[in-house]
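Remarks on the structure that follows.
The values are calculated or read from the model by the stated rules, or taken from the named source; none is laboratory data. Predicted model only: the values in this text are computed from it and were never measured. For neighbour counting, all protein chains shown are included, and Cβ atoms are generated from backbone atoms with ideal geometry for every residue, glycine included. Quick note on the areas: whole protein, heavy atoms, side chains included, nothing else; ligands and nucleic acids left out. Shrake-Rupley method; radii C 1.70, N 1.55, O 1.52, S 1.80 Å.
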Amino acid sequence: MKVYVLNGPNLGRLGTRQPEVYGSTTYADLVALCESTGRELGLDVTVRQTDAEHELLGWLHAAADEGAAVVLNPAAWSHYSYAVRDACALLRGPLVEVHISNIHAREEFRHHSVVSAVATGVICGLGVDGYRLALHHLAARRPEGATWR
Ligand SMILES: O=C(O)[C@]1(O)C[C@H](CCCOc2ccccc2)[C@@H](O)[C@H](O)C1
């Protein structure tokens, strides 16, 4: 089963700043974690990151066309991008929104995600383990067929 793990702006810099908020795991470490978890669970996992909103929209459209599942950390776009939200609403497979930090315990502007209303579920505040947990959830709910829906 195909799962795209998609990351929004600045997450490519993970591990270089604010370890007290985001931990010391680098983006390369995160890719390795998701790929190894996918192998362990028998999921075909592809991990990507972009600072360009149109690129994320294209990846979401492709996932919708494929009927793939998505694990998405929209980063700052979580809080205001109706374009990202609308692309997520096109998905036919499950969407798990992940935030490394507990956005509800931070600045007010981070408390609301415009994506959450169209997500299957949201994991936040558990560090990069949230990505691993999201993949375990998807593995537990995978259908018999070739697509998620
Ligand atoms: O907690 C999360 O995963 C966030 O989605 C991360 C975003 C920030 C992504 C950039 O993260 C960096 C981490 C370390 C160094 C540079 C960027 C932030 O804007 C959201 O409110 C919450």
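How many of the residues making up segment 1-16 are within 15 Å of the ligand (Cβ to nearest atom) and either outside any loop (DSSP other than H, G, I, E, B) or open to solvent by 40 Å² or more (accessible area, probe 1.4 Å) (or both)?
8
Exactly one of these conditions fails for ALA140: (1) aliphatic (A, V, I, L, M); (2) open to solvent by 60 Å² or more (accessible area, probe 1.4 Å); (3) within 14 Å of the ligand (Cβ to nearest atom). Give me its number.
(3)
Can you name the residue in segment 17-37 that is in a helix (DSSP H, G or I) and in contact (Cβ under 8 Å) with a residue 60 or more places away in the chain and is also farthest from the ligand (Cβ to nearest atom) among such residues?
Filtering first and then ranking leaves THR37.
Taking SER78 as the residue in question, decide whether it is part of a loop (DSSP other than H, G, I, E, B), over 15 Å from VAL3 (Cα atoms) and open to solvent by less than 40 Å² (accessible area, probe 1.4 Å).
no
If a residue must be among the small types (Gly, Ala, Ser) and closer than 19 Å to ASP86 by Cβ, how many such residues does segment 122-149 contain?
Qualifying residue count for the region: 0.
In segment 103-121, what count of residues is obtained for those that are assigned to a loop (DSSP other than H, G, I, E, B) and either closer than 19 Å to LEU135 by Cα or of a type in the set (D, E, K, R) (or both)?
Residues in segment 103-121 being assigned to a loop (DSSP other than H, G, I, E, B) and either closer than 19 Å to LEU135 by Cα or of a type in the set (D, E, K, R) (or both): 5 in total.
For (1) surrounded by 14 or more Cβ atoms within 10 Å (Cβ to Cβ); (2) within 14 Å of the ligand (Cβ to nearest atom); (3) of a type outside the set (Val, Ile, Thr); (4) in contact (Cβ under 8 Å) with a residue 24 or more places away in the chain, each residue gets a yes or a no:
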position: VAL47; (1), (2), (3), (4): yes, no, no, yes
position: LEU57; (1), (2), (3), (4): yes, no, yes, yes
position: VAL70; (1), (2), (3), (4): yes, no, no, yes
position: PRO94; (1), (2), (3), (4): yes, no, yes, yes
position: GLU108; (1), (2), (3), (4): no, yes, yes, no
position: VAL122; (1), (2), (3), (4): yes, yes, no, yes
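If you scan segment 20-44, which residues turn out to be open to solvent by 80 Å² or more (accessible area, probe 1.4 Å) and of a type outside the set (Asp, Glu)?
SER24, ARG39
State which residue is farthest from the ligand (Cβ to nearest atom) when the search covers only segment 81-92 and only residues that are farther than 30 Å from PRO19 by Cβ and not in a helix (DSSP H, G or I).
Out of the qualifying residues, it is ARG92.
If a residue must be more than 28 Å from ALA140 (Cβ to Cβ) and touching a Pro at 6+ places or on another chain (Cβ under 8 Å), how many such residues does segment 7-51 contain?
Selection size over segment 7-51: 2.
Would you tally the residues in segment 41-80 being of a type in the set (Phe, Trp, Tyr) and out of contact with any Gly (no Cβ under 7 Å at 6 or more places or on another chain)?
Number of matching residues: 2.
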